[in-house]
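One structure below.
FYI, it's all coordinate maths here, none of it is from the lab. Computed from a predicted structure; not experimentally measured. So basically every Cβ, Gly included, is an ideal-geometry build from the backbone, and we count neighbours across all protein chains shown.
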Amino acid sequence: MSIIGRPSFAFLLLPVFTLPVLVGCHHDVAQVDEAPATVTGLQLAEVHSAQVPEASPVVGTVQAKESASLSAQVVGRVSAVLVHEGDSVRAGQVLVRIDNAQARAGVDQAQGSVSAAQHQLDAAKSQAALAASTLRRYEMLRDQKSVSPQEFEEVSRRSEQASAQLASAQATLGALRASASSANVIAGYSTITAPFTGVVTARHVDPGALAAPGVPLVDIDRASALQLAVTVNESLLNRVQQGSVLSVSIPAAGPDSIMAHIAQIVPSADASSHSFLVKLDLPNSSHLKAGMYGTASLGGAMRSAIVAPQSAIVAHGSIHSVWVVDSQHLASLRYVSLGLPIGPDFEVLTGLSAGEQVVLSPGDRELGGSRIETRP
């Protein structure tokens, strides 16, 4: 009995002696966490709650105050298009030429008729002058009883006929000159010129195309400050007043909000949408281009909102984020959704809470897990 029990006792003790050895090996290979990197020279700002107007966004498009779509006034083949989209043009500059062979032929014919009529007028003037001189001489002879009444009557009748022929020649010349002027005007329709100084925004034709009245050839915007044209629902019209200032956001022109004045409120509503067209004057800026999308904010009652500085927002296309610094001074990336700009700040709809610290102007730096030491 004792012989069988001893080996069993030794077998049971084996795990007891091997356990400390295994534990000791595990302790030797354990790794120590590295200390986070430290980033200095940055500034932080606190996300806070603010009272802001209950804004209602209205959308629209940036457009020129004046624009023109140029078309031909005669039918003809386009012989030359001298501008492209984006070209700056001056008032009176030739933009498109239309083949005007027929119009030129009409001008030449009219000028020939005017020349012939001028010669007829010159001959009629000479005849009228001669007839008038003869009549004066016969008047003197009549007073001297040297001519018969029949002779005097014949000379007088010839003078009247010469005067009538002169008047007819003058009228004919006037009519032909008017016709020549009209032919010149029609010939001028074959040259399309810029009505004002501006920028070409669209070129609709190429040489060889057929031009006709009402068919657009070139579009031009006047070179002046731009406007944002927005549509305002009739329920919000009481918030709009001519001359008042609205905050405008045009993402393609930059993240900063723009202050724009209401220049015009079109008094008639669109019958289908029941909305009014409102035009806002935008400040001069090289970043603004016609056709950009924009949003204007119509203010209302006050409400509470979470706001963060615009300089803390990092944009990646349509996605926005901020670097948040916790109580241990460690930075982490936080994605946020934004509302409308509020002065130097942006309303944050989701992603942040009041009291949190965010990094200002982080640029393209990767701050995840870094310890942030702020400027003194």
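Listed values, structure above:
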{"read-out": "Extension gain, residue 75 back to residue 277 (0.36 nm per residue minus Cα-Cα distance, nm)", "value": "69.1 nm"}
{"read-out": "The stretch 54-182: relative contact order in percent, alpha carbon pairs under 8 Å with at least 6 residues between", "value": "26 percent"}
{"read-out": "Full-stretch length increase - residue 84, residue 245 - with 0.36 nm per residue and alpha-carbon distance subtracted", "value": "54.3 nm"}
{"read-out": "Label-point gap, in nm, between residue 65 and residue 259 - each point 7 angstrom along Cα→Cβ", "value": "1.9 nm"}
{"read-out": "Packing-based order for 111-118, 355-362, using average beta carbon neighbours within 10 Å, highest first", "value": "355-362, 111-118"}
{"read-out": "Additional length obtainable on full extension of the chain from residue 151 to residue 185, 0.36 nm per residue less Cα span", "value": "7.1 nm"}
{"read-out": "Evaluated over the chain, the Cα radius of gyration and Dmax, each in Å", "value": "45.1, 195"}
{"read-out": "Net charge contributed by nearby residues that have their C-beta within less than 12 Å of residue 303 (K/R +1, D/E -1)", "value": "-2"}
{"read-out": "Rel. contact order, % - alpha carbon contacts under 8 angstrom, at least six apart, the chain", "value": "28 percent"}
{"read-out": "Antiparallel bridges, percent of DSSP beta bridges restricted to the chain (to nearest 5)", "value": "95 percent"}
